[in-house]
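Colleague: Let me give you the structure first, and then I'll get to my questions.
The values are calculated or read from the model by the stated rules, or taken from the named source; none is laboratory data. Just so it is clear, the structure is predicted and the values come from calculations on it, not from any experiment. When we count neighbours, we look across all protein chains shown, and the Cβ atoms used for this are built from the backbone with ideal geometry, even at glycine.
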Amino acid sequence: MSLEFVAAAGAALAIAVMLAVAIGGKFSELRDEKTVFLVRDAASVARSELFAAAEASDGYQRSFVMPHNLSGREYSVTISNTSLILQSENYEHVLKVPSVIGGISKGDNIIRKSGGAVYLNS
């Protein structure tokens, strides 16, 4: 084997490894961007439901669904005071929402307005 062949093979291997690392990093970045989009979208849906109930007349009742996962990725959803908080492994999204009595959960949620107050799953 010639020295030139070994050098060329080594250079080709180094280039292939760098290319694989760069492509892997891009896939990871795209996956993270998708997660951010899904978290924001789910938060926006919940926020819209909460504001619709807050602006409605007494007697308003509706159900809505929060996904159990976001395209196979786990997340959590909570309401603390007037903040709706959605968290995935690497991302947290917080939105201001009206005051509610009760809490939000993955799956089916029932929201209603009675006596001027918004009740969520309670």
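Colleague: Report, by residue number, each residue of the range 97-111 that is over 15 Å from the mean Cα position of the chain (by Cα), in a strand (DSSP E or B) and closer than 16 Å to Met66 by Cα.
Modeller: Gly102, Asp108, Asn109, Ile110, Ile111
Colleague: Within the range 76-103, which residues are at pLDDT 95 or above and touching an Asp or Glu at 6+ places or on another chain (Cβ under 9 Å)?
Modeller: Residues satisfying the conditions are Ile85, Leu86, Pro98.
Colleague: Looking only at the range 68-96, filter to residues that are among the polar types (S, T, N, Q) and part of a loop (DSSP other than H, G, I, E, B); which one of those is nearest to the chain's Cα centre (by Cα)?
Modeller: Of all residues in the range 68-96, those among the polar types (S, T, N, Q) come to 69, 71, 76, 78, 80-83, 87-88, 90.
Now drop any that are not part of a loop (DSSP other than H, G, I, E, B), which leaves 69, 71, 81-82, 88, 90.
On the way: Asn69: 9, Ser71: 9, Asn81: 20, Thr82: 19, Ser88: 6, Asn90: 10 Å.
Among those that are among the polar types (S, T, N, Q) and part of a loop (DSSP other than H, G, I, E, B), it is Ser88.
Colleague: Being part of a helix (DSSP H, G or I), surrounded by fewer than 16 Cβ atoms within 10 Å (Cβ to Cβ) and in contact (Cβ under 8 Å) with a residue 24 or more places away in the chain is true for just one of Val36, Val45, Val65. Which residue is that?
Modeller: Val36
Colleague: Only residues in the range 71-96 that are within 20 Å of Asp108 (Cβ to Cβ) count as the first member; pair them with residues that are of a type in the set (Phe, Trp, Tyr), Cβ under 7 angstrom, at least 6 apart or cross-chain, and list the lot.
Modeller: Correct list of pairs: Leu86/Tyr75.
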